[in-house]
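The block underneath contains the structure these notes are about, expressed in structure tokens.
Just so it is clear, none of the values below were taken in a lab; they were calculated from the coordinates. The structure displayed is predicted, hence computed values, not measured ones. In this analysis, Cβ positions are derived from the backbone assuming ideal geometry, glycine residues included, and neighbour counts consider all displayed protein chains.
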Amino acid sequence: MAEFIALIPAAGSGSRIGEDMPKQYCLLAGKPMIYHALNTLYRVDRITTICVVLAPEDIWWTRYDWGEFADKIQVINCGGVTRAESVTNGLKTLRAAKHIQDQDWVLVHDAARPGLSIALVERLLDQLVADEVGGLLAVPLADTLKRANDMDRVECTEPREQLWQAQTPQMFRTKLLLEALEKAPENITDDASAIEALGYSPKLVMGDTNNFKVTYPQDLKLAELILQERY
Ligand code: CTP
Ligand code: MG
């Protein structure tokens, strides 16, 4: 039977947030940011392994005690220059160690999305387990979209019907995802884009705005509020 493996790329530096540590270690509700996604994925029974991909030079991970996740976690210091490279390196390392098989499902989830809930992961698994391709959590766009000219003046209003914002986890079979990432254009920012570049059409599964990506300094406050409510 195919297994469900989570992979958390956590090898970024968080340049846009401008903190003095990589953003996945910024404290939220008293824990490093990555703790929250890890804790959620850990409590999904169908997920058997969680692989955390760190930067080779990471000096932060070992400052905390991760013992409560010990029976599912695998930590690999094989992060690359881009997110796609970190995911690829993680998958290749797991495969070489025979911790993952071609047909296993991999759920790639950003360390910087602490608002993920168990219910969202369960929904993703339920809706994709029998899918031919796989897919991702996403939310339909809420705001009106403007296209700007070079002077930051509105050129036109773009129709927003059928536009979704991609989130994570993004869930694909290991073999397909690795093949896609190896052939992907350099500038991709998620896993689904790599799959799309092969001609496949990933399924959009309804996400939740609480599962937003902490990217800019002001995002920390909102994430803190969401997490405080939870604990
Ligand atoms: N990531 C990674 N390896 C990289 C770049 C990013 O594993 N070389 C991870 C980040 O740690 C994060 C996720 O991919 O969990 C999403 O990336 P992003 O939000 O862009 O994080 P950073 O790259 O760290 O932030 P920034 O782009 O602002 O520098
Ligand atoms: Mg980045």
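Structure data summary
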| read-out | value |
| --- | --- |
| Of Lys31/Lys72; Lys92/Lys213; Lys23/Lys146; Lys23/Lys92; Lys23/Lys221; Lys23/Lys213, those spanning more than 21 Å from alpha-carbon to alpha-carbon | Lys92/Lys213; Lys23/Lys146; Lys23/Lys92 |
| Within region 81-97, backbone nitrogen closer than 18 Å to the virtual label 7 Å beyond the Cα of Glu186 toward Cβ | 81-89 |
| Cα lying deepest toward the dipole's positive end in region 96-231, options Gly115, Thr174, Phe212, charges on Cβ | Gly115 |
| Cα gyration tensor shape for region 79-143, rounded if a/c is under 1.5, else prolate or oblate | oblate |
| Hydrodynamic radius (Kirkwood) for region 151-230, which is based on Cα pairs only, to one decimal in Å | 15.7 Å |
| Region 83-231: antiparallel DSSP beta bridges as a percent of all, rounded to 5 | 80 percent |
| Magnitude of the charge dipole, region 102-174, Cβ model with Lys/Arg +1 and Asp/Glu -1, debye to 20 | 220 debye |
| Inter-label distance, nm, simple model (7 Å from Cα along the C-beta direction), Ala2/Ile59 | 4.2 nm |
| Computed magnitude of the charge dipole of the chain (debye, nearest 20; Cβ of K, R +1, Cβ of D, E -1) | 220 debye |
| Full-stretch length increase - Val75, Met206 - with 0.36 nm per residue and alpha-carbon distance subtracted | 44.2 nm |
| Intensity falloff of the chain expressed as log10 I(q)/I(0), Debye formula with alpha-carbon point scatterers, at q = 0.08, 0.15 Å⁻¹ | -0.29, -1.03 |
| For the chain: relative contact order, % (alpha-carbon pairs under 8 angstrom, 6 or more apart) | 24 percent |
| Structure-based [θ]222 nm, the chain - -39500 (n - 2.57) summed over DSSP H runs of at least 4, per residue, nearest 500 | -8500 deg cm²/dmol |
| FRET efficiency for Thr48 and Lys92, using Cβ-Cβ distance with R0 set to 22 Å, rounded to 0.05 | 0.70 |
